[in-house]
1. Val51: assigned to a helix (DSSP H, G or I) and open to solvent by 50 Å² or more (accessible area, probe 1.4 Å), yes or no?
2. Quick one: how many residues across the stretch 137-160 are open to solvent by 80 Å² or more (accessible area, probe 1.4 Å) and hydroxyl-bearing (Ser, Thr, Tyr)?
3. From (1) assigned to a helix (DSSP H, G or I); (2) within 30 Å of Asp116 (Cβ to Cβ); (3) open to solvent by 80 Å² or more (accessible area, probe 1.4 Å), pick out the condition that doesn't hold for Arg28.
4. Name the residue that is nearest to the chain's Cα centre (by Cα), counting only residues in the stretch 31-48 that are open to solvent by less than 100 Å² (accessible area, probe 1.4 Å) and of a type outside the set (Ser, Thr, Tyr).
5. Of the numbered conditions (1) touching a Ser or Thr at 6+ places or on another chain (Cβ under 7 Å); (2) without any contact (Cβ under 8 Å) to a residue 40 or more places away in the chain; (3) open to solvent by 50 Å² or more (accessible area, probe 1.4 Å), Leu134 fails exactly one; give the number of that condition.
6. Which residue is farthest from Ile130 (Cα to Cα), if the candidates are limited to the stretch 178-201 and must be among the hydrophobic types (A, V, I, L, M, F, W, C) and at pLDDT below 90?
7. Within the group Leu113, Leu84, which residue is part of a helix (DSSP H, G or I), on the phi < 0 side of the Ramachandran plot, out of contact with any strand residue (DSSP E or B) (no Cβ under 8 Å at 6 or more places or on another chain) and aliphatic (A, V, I, L, M)?
8. Just wondering, is there one or more residues in the stretch 88-99 that are open to solvent by 40 Å² or more (accessible area, probe 1.4 Å) and closer than 30 Å to Pro288 by Cα?
Amino acid sequence: MIELPDLAAGGLAAGTLSALVLSGGLLRSRRQRTVQRDEIAALRAHLDGVVQTFAAEIEHLAAKRVPAAARHLTHPHVAVPGPLQLRAAGSSLGVAMENVLEQLRVELTAQHLRVDAAAQAGMRGATREIQAALYRLQDALRGLQQQYDDPELTQTLFELDHENEQSLRRAQVAAVVCGAWVGLAREESHVVDAVTGGQARLAGYHRVRVNNHLEPGTALVSHAVEPVAIIVAELLDNALRHSAPDTDVVVNLEHVHHGVCVTVDDAGLGMTQDERARAQRMVAGTEPILLTDLGDPPRMGLAAIGQLTRQFDLSVDLSSPSPYGGVRGVLRVDSHLLTRIDPDARPPAASAPRPTRRPQNDEPTRRPQTDEPARSTSHDYVPEPETHDPRPTADGLPQRRRRTRAAAPEPAVAPQRPSALRPEEAAAALGGLQAATAAARSETAEHDTERDDHEGGTAR
């Protein structure tokens, strides 16, 4: 039988053990709560850091990255900065911010295109009205040139006509940049006539020296004449503007394997590698042309060339420097834009440089034998008025005849191109022609009056 002291000792031992177990559990619970509190504090600190990082990235996105991305659309050299934390670039936050930038670029590009299209439409309408007014002024000036014989007035009219032609060229270029048609439908023309036609639209046309190495009769199809004239005018305008006023701009017309090349060389300062690359991108016509990309004030020459090369299947190259130290521009016209005109039936303009090459049969071009007197090959030839033979005919009326001129012998080599006429010389030549024509008409009227009087007297 268990005695009472032993029972008490056993109960005490059990209570002590239970107390020890409870105290151990309490200690473990306290340690767990302490660990949990530490983890919660660490999580709160991490969350605060994430929030601060997120806020800093959003602020950096709004203050730096979005404006840089917007400027990059119009100025590709502007760099768009990345996120502040490099580890954020590959995270979900970094991906979300890159999506924001991409959507911003898409929307800004669409808005930019819509605004530029509206601006181009407005400019097309304005330039159309300006072109129409300038064409009317051109017709009026040329009518006055034919009406009056005063050399000084004729010279003034020539100068006004040339200024009007330059204004018309600028309006035409602006219209072409904005997507309008070239504005003129011309018949098939000699290539050299298209080149000299572009030259005549410039203020410094007398500094341009054209060397025609094409075969006689090399011509452009009708829809390529005006685009070629515009492109040549813009290439020459750039060459004249960026070269010294006492230097020449050399133009060479050459046959190539797939067509014809018009090469323009100047002795200016040239372009840097970046400038040449940008110019080549513009004239290639592979990228859309926006008015906001042309500077302030906008420089539209190269942009107009790019529009025309894309629309008419032409090619312009500005990638190589000129041997004279400036810029070389090469316009290539492919064979499908070329045709042939009989140089005897339709010769080029008298002021156009004569070709240095003979026809393919290696024989000089000869005019058919006719009863007409041979025409002089000089560029300064002015036709003489009709005169009257003082010897009367059988019926007593004066006899009309033309003065004849001896045909000039054909030179063994191609004649050198004479120097370009100054405006006052051209005006004097035209004035002399008009005065001679008026004198011939007056003399003819007098003889007609005498004949009427003679016939009336005989009848009486």
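1. Details: assigned to a helix (DSSP H, G or I): yes; open to solvent by 50 Å² or more (accessible area, probe 1.4 Å): yes.
So Val51 fits the description; yes.
2. 1
3. Every listed condition holds for Arg28 apart from (2).
4. Filtering the stretch 31-48 down to residues open to solvent by less than 100 Å² (accessible area, probe 1.4 Å) leaves 34-35, 38, 40-42, 45, 48.
Those left that are additionally of a type outside the set (Ser, Thr, Tyr): 35, 38, 40-42, 45, 48.
Details: Val35: 75, Asp38: 72, Ile40: 69, Ala41: 68, Ala42: 66, Ala45: 62, Asp48: 58 Å.
Here the residue is Asp48.
5. Failing condition for Leu134: (3).
6. Top of the filtered list is Ala200.
7. Just one listed residue meets the conditions, Leu113.
8. Yes, because at least one residue in the stretch 88-99 is open to solvent by 40 Å² or more (accessible area, probe 1.4 Å) and closer than 30 Å to Pro288 by Cα.
The values are calculated or read from the model by the stated rules, or taken from the named source; none is laboratory data. All values reported here derive from a predicted model rather than from experimental measurement. Cβ: placed from backbone, ideal geometry, glycine included. Neighbour counts: every protein chain shown. In case anyone asks, the SASA skips ligands and DNA or RNA and just uses the protein heavy atoms, side chains included. Shrake-Rupley method; radii C 1.70, N 1.55, O 1.52, S 1.80 Å.
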